[in-house]
1. Take the conditions touching a Leu at 6+ places or on another chain (Cβ under 6 Å) and charged (D, E, K, R) and apply them to residue 36. Does it pass?
2. Do the conditions hold for residue 25, that is, is it open to solvent by 100 Å² or more (accessible area, probe 1.4 Å), under 16 Å from the mean Cα position of the chain (by Cα) and of a type in the set (S, T, N, Q)?
3. Please go through the stretch 32-43 and give me each residue that is surrounded by fewer than 11 Cβ atoms within 10 Å (Cβ to Cβ) and part of a helix (DSSP H, G or I), ordered by number.
Amino acid sequence: MKGALSMKKIEEIKRLQAEVDHRHQVEDEAVRLISECRFEEAVKILETI
C-alpha cells in the first residue's frame, strides 16, 4: 500500500514540475517580448497560463 501511495505522489510531483517548467518558459518568453517593447504579444502569451 505504501508503494502505491508513494508512486501517486511521485506522479503528482512530476505533473506539477512539468507545469512549473511550462510557466517558467512562458514567463521567460514574455520577458523577452517586453524587452523588445512587444507588450501586447507578451500579455497574450501570459494569458495562456
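1. On the way: touching a Leu at 6+ places or on another chain (Cβ under 6 Å): no; charged (D, E, K, R): yes.
No; evaluated as a whole, the condition is false for this residue.
2. Spelling it out, residue 25 is indeed open to solvent by 100 Å² or more (accessible area, probe 1.4 Å), under 16 Å from the mean Cα position of the chain (by Cα) and of a type in the set (S, T, N, Q).
3. Scanning the stretch 32-43 gives 35, 40.
The values are calculated or read from the model by the stated rules, or taken from the named source; none is laboratory data. All figures in this text were calculated on a predicted structure; none of them were measured in a lab. Cβ coordinates were reconstructed from backbone atoms using ideal geometry, including for glycine residues, and neighbour counts include every protein chain displayed. The area values use the complete protein model at the heavy-atom level, side chains included, leaving out ligands, DNA and RNA. Shrake-Rupley method; radii C 1.70, N 1.55, O 1.52, S 1.80 Å.
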